[in-house]
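S.K.: Here it is, the structure, as structure tokens.
The values are calculated or read from the model by the stated rules, or taken from the named source; none is laboratory data. All values reported here derive from a predicted model rather than from experimental measurement. A quick note on method: Cβ atoms are made from the backbone with ideal geometry, for glycine too, and the neighbour counts reach across all protein chains shown.
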Amino acid sequence: MTNGAVTLGDVAARASHLSVECSRCDRRGRYQLARLITALGPDFRMTDLGAELANCPRRTAAVHERCDVYFPGLIATMDDDAGCSPAEA
């Protein structure tokens, strides 16, 4: 983490791919984290990644119609305690 933000490098340490979806349309995809790191660097913040990846005509629409990119599964990927009992954590 860089200054408390999750980075591409943090995610890549736990997964090889990142799923991306929009909650307002049918757009979805999957990116190789190694390629994203090559293009953007390991310290690129996940909070900025949605805007970077959103190649959508709704990107600049009114707030309630704007593209809404999210990363399904990211919380589970980053959860250190997933599947561990408190004694194992």
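S.K.: If you check every pair at least six apart or on different chains, which have Cβ atoms under 7 Å apart with a residue in the stretch 40-60 that is within 13 Å of Val20 (Cα to Cα) first and a residue that is among the hydroxyl-bearing types (Ser, Thr, Tyr) and surrounded by 16 or more Cβ atoms within 10 Å (Cβ to Cβ) second?
M.R.: Sorted first by the residue in the stretch 40-60, then by its partner, the pairs are Met46/Thr7.
S.K.: Continuing with this model, one more query. Give me a count of the residues in the stretch 40-57 that are modelled with pLDDT under 90, surrounded by 13 or more Cβ atoms within 10 Å (Cβ to Cβ) and either in contact with a strand residue (DSSP E or B) (Cβ under 8 Å, 6 or more places away or on another chain) or on the phi > 0 side of the Ramachandran plot (or both).
M.R.: 4
S.K.: Report, by residue number, each residue of the stretch 1-12 that is at pLDDT below 95 and either loosely packed, with under 13 Cβ neighbours inside 10 Å or closer than 14 Å to Leu53 by Cβ (or both).
M.R.: Met1, Thr2, Asn3, Gly4
S.K.: Taking the condition of being free of Cβ contacts under 8 Å to residues at least 40 places away in the same chain, out of contact with any strand residue (DSSP E or B) (no Cβ under 8 Å at 6 or more places or on another chain) and either part of a helix (DSSP H, G or I) or hydrophobic (A, V, I, L, M, F, W, C) (or both), how many residues in the stretch 1-39 meet it?
M.R.: Residues flagged as free of Cβ contacts under 8 Å to residues at least 40 places away in the same chain, out of contact with any strand residue (DSSP E or B) (no Cβ under 8 Å at 6 or more places or on another chain) and either part of a helix (DSSP H, G or I) or hydrophobic (A, V, I, L, M, F, W, C) (or both) within the stretch 1-39 amount to 8.
S.K.: Looking at Ala15, Ala34, which one is surrounded by 13 or more Cβ atoms within 10 Å (Cβ to Cβ) and among the small types (Gly, Ala, Ser)?
M.R.: It is Ala15.
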